[in-house]
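Each remark here refers to the structure printed beneath this line.
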Amino acid sequence: MKIRTLASITAASAAVALMLGGCAAGEGSSIEAEPTTDTDAVEAEAWSSDTLTLDFATYNPLSLIIKEQGWLEATLGDDVAVTWVQSAGSNKANEALRAGAIDVGSTAGSAALLARANGSPIQTISIFTQPEWAAIVVPAGSDITSVEQLAGRSVAATKGTDPYFFLLQALEEHGVALDAVEVQNLQHADGKAALEAGSVAAWAGLDPLMAASEATAGSTLLYRNIDFNTYGFLNATEAFLEASPDLAQVVVDAYEKARAWAIENPEETAAILAEVAAIDPAVAQTVITERTNLEVDPIPGDAQRAVLEIVGPIFVESGDVSSQDLIDDALAVLLNDTFALAADASTIVD
């Protein structure tokens, strides 16, 4: 299986493979380049796999750009079949990663920590955004004016996702016990529908659905706190990272190309989001320009660890993770900066 690729991808992949040895137990495989006698030509390399499966999600605008532009397909050529799977939420991305149905998936940082602490062998290889994508939402005309008033009420939330963990943090901050609230575990779109139908008193919402509900149904944001949003994490299975560091590097390179493109083309980025999410372009514009920081450092590190160290004990208290030791062990291995440090957007073919 041969494919023409850029020499810089080859070099980056080899470096990444060597560096993986220091990331986690069981990692450290490398890809050996086949010798070539034509030093003037671009090297022909065999990719480590003939398939690559990754997700796209409306809460991850960079994934939408990469998919729409076809950059991975153009860079990897005919010898690697690229398959895109839509994630409806972090919980669904985590389910697919754990089942091996996707190689790379996008989640909130909190959801990645939860998955890792509960035994899912994933690592975070890049940070795609610092979003304000979660808040507590109440319907038009609601008599609820504070988080404290959620006690004794029904709140929709998607367990295993940032809005759910946003809800946990908001309740704790305002002195409301979790068992004082009836949490209805609904997928994000179903939570929005339940809120607008009056079936729940509040919803732990996620953009762009949250912004759409504001615009079309008059819903309001009861409580916002960007510090309770735990970044956008791009995660990969350890099996994939060990077997295909070259493909993992191409994905991260594509994300950096998409980041630059999105920053340079915010209106086009909003248009792509509007089309995929089937929302009004003005709503998508709000999500991209007002609630999404694309200029975040993509290298997983101290900033993300600091946020997760706050969230981790809440998982234990709520019973989502059985012990703090599992949180600590997960934090020790979750963040893998190898690929983001080696990222080179120039390797990606238009």
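The values are calculated or read from the model by the stated rules, or taken from the named source; none is laboratory data. Quick caveat: nothing in here was measured; it's all calculated off a predicted structure. Cβ coordinates were reconstructed from backbone atoms using ideal geometry, including for glycine residues, and neighbour counts include every protein chain displayed. Keep in mind that these areas ignore ligands, DNA and RNA; they rest on the heavy atoms of the full protein, side chains included. Shrake-Rupley method; radii C 1.70, N 1.55, O 1.52, S 1.80 Å.
Key figures
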{"read-out": "Where labels lie 7 Å past Cα in the beta-carbon direction, separation of ALA151 and ASP350 in nm", "value": "6.0 nm"}
{"read-out": "Choice from ASN185, ASN229, ASN91 with maximal GNM fluctuation in the chain (Cα, 10 Å cutoff)", "value": "ASN185"}
{"read-out": "Region 72-230 - percent relative contact order, Cα under 8 Å, separation 6 or more", "value": "29 percent"}
{"read-out": "For region 91-97, Karplus couplings with θ = phi - 60° (6.51, -1.76, 1.60), whole Hz, Gly/Pro x", "value": "4, 5, 4, 5, 4, 5, 5"}
{"read-out": "Dipole in debye (nearest 20) - region 232-340, about Cα centre, beta carbon charges: Lys, Arg +1; Asp, Glu -1", "value": "180 debye"}
{"read-out": "Residues with amide H under 5 Å from that of TYR223, placed H, sequence gap 5 or more", "value": "ILE136"}
{"read-out": "Residues of region 282-297 with amide N under 15 Å of a point placed 7 Å along Cα→Cβ from ASN225", "value": "none"}
{"read-out": "Summed side-chain charge close to SER146 - residues other than SER146 whose Cβ falls under 15 Å, Lys, Arg +1, Asp, Glu -1", "value": "-2"}
{"read-out": "Volume in Å³ per residue [convex hull over Cα atoms, computed for region 251-350]", "value": "142 Å³"}
{"read-out": "Coarse-grained scattering of region 66-145 at q = 0.19, 0.22 Å⁻¹, given as base-10 log I(q)/I(0) from a Debye sum over alpha-carbon atoms", "value": "-0.94, -1.10"}
{"read-out": "Approximate shape of the chain as ellipsoid semi-axes (Cα gyration tensor, √5λ), whole Å, largest first", "value": "38, 23, 15"}
{"read-out": "Percentage relative contact order, region 143-222, counting C-alpha pairs under 8 Å, at least six apart", "value": "37 percent"}
{"read-out": "Built amide H within the under 5 Å cut-off of PHE233, gap 5+", "value": "THR107, ALA108, GLY109, PHE128"}
{"read-out": "Tilt relative to the chain, helix 245-264 - C-alpha long axis, 0 to 90 degrees, to 10", "value": "60 degrees"}
{"read-out": "Relative contact order (percent, whole number), region 66-147, Cα cutoff 8 Å, 6+ residue spacing", "value": "16 percent"}
{"read-out": "For region 44-105: rounded, prolate or oblate by the Cα gyration tensor [a/c cutoff 1.5]", "value": "oblate"}
{"read-out": "Accessible area of region 104-191 divided out per residue, in Å², using a probe of 1.4 angstrom", "value": "29 Å²"}
{"read-out": "For region 163-180, Karplus couplings with θ = phi - 60° (6.51, -1.76, 1.60), whole Hz, Gly/Pro x", "value": "x, 5, 6, 4, 4, 4, 5, 5, 4, 4, 4, 9, x, 9, 5, 4, 6, 8"}
{"read-out": "Most fluctuating residue given options TRP71, TRP84, TRP203, as computed from a GNM of the chain linking Cα atoms under 10 Å", "value": "TRP84"}
{"read-out": "GNM flexibility winner over the chain from THR145, THR338, THR269 (Cα, springs under 10 Å)", "value": "THR145"}
{"read-out": "Calculated FRET value between THR83 and ASP143, using beta carbons and R₀ = 45 Å, to 0.05", "value": "0.40"}
{"read-out": "Space enclosed by the convex hull of the alpha-carbon atoms of region 84-225, per residue, Å³", "value": "113 Å³"}
{"read-out": "Sequence ranges 97-107, 319-329, ranked by mean other-Cβ count within 10 angstrom, highest first", "value": "97-107, 319-329"}
{"read-out": "Rounded, prolate or oblate (a/c below 1.5 giving rounded, otherwise prolate when a/b exceeds b/c) for region 117-168 by Cα gyration tensor", "value": "prolate"}
{"read-out": "Sequence-distant residues sharing a close amide H with VAL349 (under 5 Å, placed H)", "value": "THR75"}
{"read-out": "Counted charge near ILE226, where neighbours are those whose Cβ lies closer than 13 Å (Asp, Glu -1; Lys, Arg +1)", "value": "-3"}
{"read-out": "Estimated FRET transfer efficiency when R0 is 41 angstrom, pair GLU68-ASP329 (beta carbons, to 0.05)", "value": "0.60"}
{"read-out": "Descending semi-axes in whole angstrom, ellipsoid equivalent of region 197-239, from the Cα gyration tensor", "value": "28, 13, 11"}
{"read-out": "In Å, descending, principal axis extents of the Cα set of region 165-280", "value": "49, 34, 23"}
